[in-house]
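Only one structure is covered here, and it is reproduced in the block below.
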Amino acid sequence: MSLLVLTLIFPLAGAIALSLFPRMADNAARTIGAASVGLAAVVTALVMVFWGANGGYPFVQTLWQWIAVGDFHVNFGLYLDGLSITMMGVITGVGFLIHLFAAWYMVHDLEGSPGMARFFAYMNLFIVAMLLLVLGDNLLLLYLGWEGVGLCSYLLIGYYYQTPANAWAAFKAFIITRIGDVFLAIGLFLLYTVFGTLNIQTLLHQAPQVWAQGDAMANVAALLILLGACGKSAQLPLQTWLADAMAGPTPVSALIHAATMVTAGVYLIARMHGIFEIAPAIQELVGVIGGVTLLIAGLAATAQTDIKRVIAYSTMSQIGYMFLALGVGAWQAAIFHLMIHAFFKSLLFLTAGSVIIACHHEQNIFKMGGLRKTLKLDYWLMIIGGSALSALPLVTAGFYSKDAILWDAVANGHGVLWLFGLIGAFITSIYTFRMIFIVFHGEEKTHAHAGHGIPHHVPLIILAVLSTFVGAMIHQPLDGVLPSGAVEGHFWIELVFEVISSVVALVGLGMAAALFLGKRQLIAQATQDGPGRNTWLFFNSALGFDWLYDKVFVQPFLFVARGHRRDWIETIVNVVPGLASAGNSGLSAVQSGRLRWYAMVMFAGAAVLLAVLMFG
Amino acid sequence: MTGLPIQYGMGLAALLFIAGLTGLVVRRNTLFILMSLEIMLNAAGLAFIVAGAHWQAADGNAMFILIIALAGAEASIGLGLLLQLHKRFRTIDIDAASEMHG
């Protein structure tokens, strides 16, 4: 199984090659960038085959000892089981398709300006970090990958660094996720103090023996891990960064801010499920956070004008479903939805990227309109992706994964969370088809040029196929790794709930059609002024969380900082620069530029020297 | 040359040197600055002559010839600078060329 290392080595080699020769030709950069991830995907497929042929037992590969200080030993070890192999498949498979699409997208996006090698170097490095995150057999290695993906996310959000707003968006994403990471780090310290190891399997094995059910320390540890996951996965209360992260190139949004990195929080909680099972209060909290976030993000998505922000909020909402699933103990359903979401959300993002390029970098959906005729392929892809997102019954993959979550929620006795999920599904249908109707129906407002070529078509079509029921047929080898959480209900009861959620999704679609498929007069009048306008603005600003955090955290901090600008430490510290500054002005005054002054100083110096020689 | 004590000759040289130095520092006209420089060079030359005569050595004379040559070279360069100064600033006030201040 030494093949496993190759999945890391190929993208790493690509990242190093692209970093060392940043001035290489664009075509070479695209080829290296996409091919390295493609090779990783091939190796992953081989690993899957061999692993399955050997019976699918968990497998550990220790590469070397990473850290050894006193009693503290950390191995650079890779751990392969059903969960990590599922994640590997998503990361390298979907990652490769997105890299392939990016090879088309970036050519049209950059248009002569340099940076192709920089882009693919970051993207390849991201794949390495993400693989480390899911393969690490101990929490420290996981944390290395965790920070690595955070770094790549920062670099790629700020990829168009010439625009200051993009750099600020990158700062925001980095700082807010860092808040979560600090909590996660403290959680790691706590786990190490209690158990004396960071090896995940040892931790999961020992936790039920050391901690009783509902132990306070177990609750604290689970809460810290949850906060770390919230930061990375853009869940309440650390959700504000994801919409601004859309400043990056669209393939980045697809890869990092939809398919892989933002689902790392879901992976982390699923990986540490043993801790959460002995902290039921915190596990309940996971579900509540997911339920509330999916509603907030869904409402925000209904009032966006930027196509990428609509999809970004839908991502937050869908990750909310995954958290809800984790909270109700539907571990396998959460990971299943994670994979299905990776398919249809990257399809939606890449199609949005295709539409944006076709409309000459226009992202405002109200300036598109009527693209159904010119962008036939994009239209159908968006319909497929949107249907999967809205979980339209039977034909879409999203139906099977989201329904499993909703059923598990109600079967495990979480009726309120089920209701949250159901309302969320209704909102999802509305905002998804609102976007599709506004972009592709109505009068034509811009002239679009459809994209073409293999790197454009192939990834989109593969992802579209995976977003239908075909994707839902992929079997995830999660038995034995995660508790199933599924409750076998009576066939007819299950059917009733499936019909309810299907009807809700279809009603949402119908309502979107009624509101946005015609002249859209009703909505236009309702949001023109008064309370309707205010509600629209409230939803548009994602329920005002940015404003709230600015008032609660940023402004008080700035106030305190301003108050301490002239304190006594400042005075002491300022002595050093004051001396340097005084010396500078004194010496520069001597350099007057006057020849006669120089002559006089020179003779004065000579006279002093002479006097010293004679009388000294 | 035994009658005249060396102090007289050296004293005259020192007086000439100080006169030249004063002129160099107080004068703003570049032409007068060049003349002051000539006076200072000749003061140095006089000191060599006096010392050479006192110790009956030819070295002083040799040094004086070198100084005369140096003074000639210096005068030609100085006058060249003077012309450039006049060309650039339309004046021969040395303080006009004080742009290289810190």
**Study point:** Residues (at pLDDT below 85 and not in a helix (DSSP H, G or I)) located in segment A:396-436
**Key:** A:ASN412, A:GLY413, A:HIS414
Study note, to complete from the structure: Result of the Cβ filter at 6 Å on segment A:579-601, keeping first residues that are farther than 20 Å from B:THR22 by Cβ and facing chain B (nearest Cβ under 9 Å) and partners that are among the small types (Gly, Ala, Ser) and in a loop (DSSP other than H, G, I, E, B), at least 6 apart or interchain, is A:SER588/B:GLY102; A:GLN591/B:GLY102; A:GLY593/B:SER98
**Study point:** Elements of type helices (runs of 4 or more DSSP H) contained in segment A:63-171, each with 1 or more residues being touching a residue at least 60 places away in the same chain (Cβ under 8 Å), farther than 30 Å from A:ALA358 by Cβ and not β-branched (Val, Ile, Thr)
**Key:** A:82-88, A:116-135, A:139-157
Exercise for review: Could you tell me whether any residue of segment B:19-27 is without any contact (Cβ under 8 Å) to a residue 40 or more places away in the chain and away from chain A (no Cβ under 14 Å)?
Suggested key: no
Practice item. For residues that are modelled with pLDDT of 90 or more, among the β-branched types (Val, Ile, Thr) and farther than 27 Å from A:PHE126 by Cα, tally how many sit in segment A:203-260. Key: 1
Practice item. Report whether or not B:ASN42 is of a type outside the set (A, V, I, L, M, F, W, C) and over 21 Å from A:TRP597 (Cβ atoms). Key: yes
Review point. Quick one: how many residues across segment A:201-244 are under 22 Å from A:SER84 (Cβ atoms), aliphatic (A, V, I, L, M) and surrounded by 20 or more Cβ atoms within 10 Å (Cβ to Cβ)?
Key: 7
Review point. Would a scan of segment A:439-448 turn up a residue that is crowded, with 21+ Cβ neighbours inside 10 Å, out of contact with any Cys (no Cβ under 8 Å at 6 or more places or on another chain) and part of a helix (DSSP H, G or I)?
Key: yes
Study note, to complete from the structure: Restricted to segment B:28-72 and to residues being closer than 27 Å to B:ALA97 by Cα and outside any helix (DSSP H, G or I), the residue farthest from the other protein chains (Cβ to nearest Cβ) is B:ASN29
**Study point:** Among the candidates A:ALA524, A:ALA505, residue that is loosely packed, with under 14 Cβ neighbours inside 10 Å and among the hydrophobic types (A, V, I, L, M, F, W, C)
**Key:** A:ALA524
Point to revise | The one condition in (1) within 30 Å of A:SER585 (Cβ to Cβ); (2) within 14 Å of chain A (Cβ to nearest Cβ) that B:LEU82 fails to fulfil | key: (1)
Exercise for review: Would you mind telling me which numbered condition in (1) of a type in the set (D, E, K, R); (2) over 30 Å from A:PRO459 (Cβ atoms); (3) modelled with pLDDT of 90 or more A:ARG271 fails?
Suggested key: (2)
Revision key, fill the gap. Taking segment B:85-102 and keeping only residues that are within 14 Å of chain A (Cβ to nearest Cβ) and outside any loop (DSSP other than H, G, I, E, B), one is left with B:LEU85, B:PHE89, B:ASP93, B:ILE94, B:ASP95, B:ALA96
Exercise for review: Working only within segment A:528-573, note down all residues that are β-branched (Val, Ile, Thr) and under 21 Å from A:VAL310 (Cα atoms).
Suggested key: A:THR535
Exercise for review: Taking only segment B:53-72 into account, find how many residues are without any contact (Cβ under 8 Å) to a residue 12 or more places away in the chain and farther than 17 Å from B:PHE32 by Cα.
Suggested key: 9
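The values are calculated or read from the model by the stated rules, or taken from the named source; none is laboratory data. Just so it is clear, the structure is predicted and the values come from calculations on it, not from any experiment. Note that each Cβ is placed from the backbone with ideal geometry, even for glycine, and that neighbours are counted across all protein chains shown.
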